[in-house]
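Beneath this line is the structure, given in structure tokens, with notes to follow.
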Amino acid sequence: MSSNAKEKIEKLRATLSEHNYKYYVLAQPSISDFEFDKMLEELVALEQQYPEFSDPDSPSQKVGGAINKNFESFTHQYAMLSLGNTYSEEELRDFDQRIIKQLGHSDYEYVCELKFDGLSISLHYEKGQLLRAVTRGDGVKGDVVTDNVKTIKSLKTSLKGDYPESFEVRGEVFMHRPAFDKLNMEREEAGEVLYANPRNLASSSLKLQDSAEVAKRPLDIYLYQLLEKNETIKTHAESLDKMKSWGLKTSEYTKTCANMDAVFEFLKHWDEARKKLSYDIDGVVIKINNYQHREELGFTAKSPRWAIAYKFKSEAACTRLLSIDYQVGRTGAITPVANLEPVYLLGTTVKRASLHNANEIARLDVRAGDYVYVEKGGEIIPKITGVELSKRTGDLPMHTYITACPECGTPLERKEGEAQHYCPNEEHCRPQVVGRIQHFIHRKAMDISGMGDETVELLYENNLVRNVADLYDLKFEDVLKLDRMAEKSAQNLVDGILASTKIIYARVLFGLGIRYVGETVAKKLAAKFKTIEALMAATYEELLLVDEIGERIARSIIEFFSRESHREMMARLKAAGLQMENMEKEKERTSDILGGKSVVISGVFSRYSRDEIKDLVETNGGKNAGSISSKTDYVVAGENMGPAKLEKAMQLKIPILSEDEFLAMIGQGARI
Ligand code: IVH
């Protein structure tokens, strides 16, 4: 029994550490808070039952988190703790009973606040001026992100009134859902990876190095905790009033509650009312109001005993799956989509939901006619999360995945190791052909004004375009013949196409829609291969030498340019006058110390950011490579270099330099 428990404890610890990493470091959690908390609860229970297996490194002993090394780090004066939490009213009553027992009376009040689903921040003010903003980090030490926080419009950097000489306030930075949807939509159009929810987007925004970029992502803030030993402030409610009077933004929905009935009423109200807020909350925080009471109650190792978070369960709807359709994307990727009996979920009626790929359908064993659970989970497209087997009628046939493209009938292919099926008929499968042209004219690529997705459809229907080079052969008369096309719009369209010949080379590359070549990769390619001829002649090995280009991308680029039809299209685009070379000036060389040497950067650095180190490699004559091979001359290793890379470098006997050794080598002193 006990060896069984040990195994279970170890397994839970490993799983929770992995999820902690995904949540705090990658800001991309793969399970819900509810699932995480349930697992943690199970671990805590087992550890209590079997104290012989206790371990100070267990996730149950930590607040969790890791520190981002690119920012200056700051040790919090008071650790930023987390809150104990619960999903049940019964446990909330237990919490209340513990308070009564510890205080020895029931003469106390609670303050109920919304639990904002963002990331916590600590602000330091001196003489009424914002001095510093620090993220929570691992709870003990966080990152100084003052400039980024200053981009928040609702944050006062200069206070008014009777503020203390020096104090700290804490609160939550978050993003409103409409702003999130808009930014994600732009990312989707640009073919970039989407953020799962506003919290992740807010979190990664605060960690951006460039504040100007942060300013493009509208963040907001609510402050909910004053850390100041001011004898005149006796309750939390008073502290919130004071903060507000100094100009700090506090929530308008905070409520002082005299007893648990009032608390339950608040919970009930917000479980519904939250759906009408423009931002996400994941629960309610219930805090003891009086500071004297708080002092008597104190803290456990991880959280205050005077507060608890009540979390709402994430909402799912159950409805009938009518049928499964398939969509073909511009890259030929097939996405199965569920057609549902319309169901109301969090403010909208859901009729369709993604089923991701064949594996997901098999995993869920979902069948047409089943009752399924749909969740919004933050994504734009709702997803199916489970099947209600108790409602399955006996004779539903298992779903069989299609084997041929629903648009053109070509047999589908599935590359090894990939979950998605593809239609290989790139040249003649309608949604692929149209999708590629739509991608090409997009704002982030060739930005052809006067032309939208529907125009592309129309041009295709009328046999006027089959690939992007055909756009440049379009004549005013051809366009004018199209349905509903007036002279003015026809002229605009032709002018827009002509104007696009001035669009820079990197964007032309992005517009080609080579699989896995997004905006960033296109820029890197344009910087390394100054002309289209150089890029088309690049070998697999040469491509791998480019920063951020791995095997998958390199293979895709080689494949793209090896096709005769693509080479012909490139020649036509060049003849049409498109920009096919990089006109940007090279970075100035400071030395040739690394003359032609291939350098791999790995890990996180303390004095310079990764990009700055890479720049230093180049300005000193070296080349940055993405992965270690026998051709690598040096590896510059920061902290947390991956063990696989380290082993490979040692095996190949490649010199491994620390950040300081590297800087000394190129004659660059420490920056601080
Ligand atoms: S009070 C000792 N109030 O929830 C911690 N936290 O799990 C005191 N949060 O890290 C925090 N809304 O990021 C407090 N109204 C609120 C909150 C709130 C969101 C977050 C905060 C904290 C986490 C605790």
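The values are calculated or read from the model by the stated rules, or taken from the named source; none is laboratory data. These figures come from a predicted structure and were not determined experimentally. Using ideal geometry, Cβ is built from the backbone for each residue, glycine included, and neighbour counts are taken over all protein chains shown. The protein model used for the area step is the full one, side chains on, heavy atoms only, and it has no ligands, DNA or RNA in it. Shrake-Rupley method; radii C 1.70, N 1.55, O 1.52, S 1.80 Å.
Computed quantities for the displayed model
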quantity	calculated
Unit charges at the beta carbon, dipole of segment 330-418: most positive-side option, 359, 373, 408	373
Under Karplus coefficients 6.51, -1.76 and 1.60, residue-wise ³J(HN,Hα) of segment 483-492 in Hz, glycine/proline x	3, 6, 9, 7, 4, 5, 5, 4, 5, 4
Qualifying chymotrypsin sites (Phe, Trp or Tyr not before Pro) in segment 564-672, DSSP loop, other Cβ atoms within 10 Å at most 12	none
For segment 152-306: accessible area per residue (Å², 1.4 Å)	48
Cα gyration tensor, segment 172-292 - rounded (a/c under 1.5), prolate or oblate	oblate
Computed Kirkwood radius, in angstrom, where 1/r is averaged over Cα pairs of segment 592-654	11.8
Check: segment 279-427 dipole with +1 on Lys, Arg Cβ and -1 on Asp, Glu Cβ, in debye	660
Summed side-chain charge close to residue 223 - residues other than residue 223 whose Cβ falls under 13 Å, Lys, Arg +1, Asp, Glu -1	-2
Virtual paramagnetic centre 7 Å along Cα→Cβ of residue 485, amide N under 14 Å, in segment 451-471	451-466, 470-471
Length added when fully stretched, residue 552-residue 126, from 0.36 nm per residue minus Cα-Cα	148.2 nm
Theoretical ellipticity at 222 nm over the chain - DSSP helices of four or more residues, -39500 (n - 2.57) apiece, nearest 500	-10500 deg cm²/dmol
Full-extension gain in nm, residue 276 to residue 575, via 0.36 nm per residue minus C-alpha separation	102.2 nm
Solvent exposure of segment 529-664 as accessible area per residue, Å², 1.4 Å probe	54
The chain - charge dipole about Cα centre, Lys and Arg +1 at Cβ, Asp and Glu -1, debye rounded to 20	700
About the Cα centre, charge dipole magnitude for segment 66-179 (Lys/Arg +1, Asp/Glu -1 at Cβ), debye	540
Rounded to whole Hz, the Karplus (6.51, -1.76, 1.60) HN-Hα couplings of segment 565-573, x for glycine and proline	4, 6, 5, 5, 4, 5, 4, 5, 5
DSSP beta bridges in the chain [antiparallel fraction, %, rounded to 5]	85
Gain in span if fully extended, residue 325 to residue 449, counting 0.36 nm per residue against the direct Cα distance	41.3 nm
Residue 348-residue 302 FRET efficiency (beta carbon distance; Förster radius 41 Å; 0.05 resolution)	0.60
Placed amide H near residue 350: partners under 5 Å, 5+ positions off or other chain	343, 344, 345
Note, ³J(HN,Hα) from phi for segment 390-407, Karplus 6.51, -1.76, 1.60, rounded to Hz, x at Gly and Pro	5, 9, 6, 8, x, 9, 6, x, 4, 6, 10, 6, 5, 10, 10, 4, x, 9
Cα-based radius of gyration of segment 238-364 once divided by 2.2 N^0.38 Å, which approximates compact folds	1.61
Prolate/oblate/rounded call for segment 510-593, Cα gyration tensor, a/c under 1.5 rounded	oblate
Shape metrics for segment 451-573, restricted to C-alpha atoms - Rg then Dmax, Å	16.7, 51
Unpaired by the 4.7 Å Cβ criterion, cysteines found in the chain	112, 257, 318
With every protein chain in place, the chain: carbon and sulfur % of accessible area (1.4 Å)	50
DSSP beta bridge pairing in segment 580-672, given as percent antiparallel to the nearest 5	10
Residues whose placed amide H lies under 5 Å from that of residue 225, excluding near-sequence neighbours	170
Surface/4 estimate of mean projected area, convex hull on alpha-carbon atoms of segment 376-465, nm²	10.1
Overall form of segment 318-451 per C-alpha gyration tensor (a/c, 1.5; a/b vs b/c)	oblate
Under the Debye formula (equal points on every Cα, no solvent term), log10 I(q)/I(0) of segment 87-219 at q = 0.23 Å⁻¹	-1.31
Inter-label distance, nm, simple model (7 Å from Cα along the C-beta direction), residue 658/residue 401	5.0
Rounded D (µm²/s) - the chain, Kirkwood Rh over Cα pairs, Stokes-Einstein at 20 °C, 1.002 mPa s	74
Over segment 535-672, equivalent-ellipsoid semi-axes from the Cα gyration tensor in Å	33, 19, 12
Amide H partners (placed H, <5 Å) of residue 84, local residues excluded	309
